[in-house]
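Accompanying notes for the structure given below.
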Amino acid sequence: QKADVLATCGLNWDTLHQAKLLSDAKTTSTTIIVIRHGWICYEWGRTGNYGVASVVKPWTAMAYGKLFDTGLIAPNLFVHNYLPPIFGDSDARKRIITFNQALTMSSGIEPYDNPSGLTLTEAFTFPMSAEPGLEWAYTSLVPNILSVVVTNLTGVSLRSYFNTNILNPIGVPS
């Protein structure tokens, strides 16, 4: 196994194993996979289905990159045009939030990091804490709202859109 990893990936298996032990000493909730030259060189951690939490943010951004490439939307367009009216009606400032601002966490919507506990109406009417584009604030709520836009534009969930347009073309099965 060690020789195969070195020959296929050009990586030292013992060094990879030391990284695993270091990771295990710090946390038991991490899953790490090392891929090099298209080969899985080493993997450790939990397997199976579990919540992806903040990983959804870069997935959302990649999906939006694809949507921008298709021309369906553009970074400077207003998010509220692709959501139910309650979103923009809840605060006039929400009508000027662009996709760029939403994707760079500068939407002005009050930061909130547990959106799964909200209904869509609560998410769409969540208060503003700043003018769009003026403050950066880490949040999970806005990427979740953006997933509704993906569904409205494409007719499929963010997960399905991501699998079909990002993962499947590079050979990763859904």
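General observations
- Remark on R36: its backbone amide H falls under 5 Å from those of C41, a criterion applied only to residues 5 or more positions apart or on other chains, H modelled at 1.01 Å from N.
- Gained length - L6 relative to I166, 0.36 nm times residue gap less alpha-carbon distance: 54.7 nm
- Per residue solvent-accessible surface (Å²) - the chain, probe of 1.4 Å: 59 Å²
- Apportionment of accessible area to carbon and sulfur, the chain, percent (1.4 Å): 57 percent
- The stretch 37-174: projected area of the alpha-carbon convex hull, averaged over directions, in nm²: 9.5 nm²
- Options L134, T31, L11, ranked by Cα towards positive dipole end of the chain, top entry (Cβ charges): L11
- Contour excess over end-to-end distance, with Cα ends at V55 and S116 and 0.36 nm allotted per residue: 20.5 nm
- If only the Cβ of Lys and Arg carry +1 and only the Cβ of Asp and Glu carry -1, the dipole of the chain around its Cα centre is close to 340 debye.
- Under 28 Å between alpha carbons - lysine pairs in the chain that sit 8 or more apart or on different chains: 7
The values are calculated or read from the model by the stated rules, or taken from the named source; none is laboratory data. The model shown is predicted, which means the values in this text are computed figures rather than measured ones. Every residue, glycine among them, receives a Cβ derived from its backbone with ideal geometry; neighbour counts consider all protein chains shown. Only protein heavy atoms, including side chains, enter the accessible area calculation; ligands, DNA and RNA are left aside. Shrake-Rupley method; radii C 1.70, N 1.55, O 1.52, S 1.80 Å.
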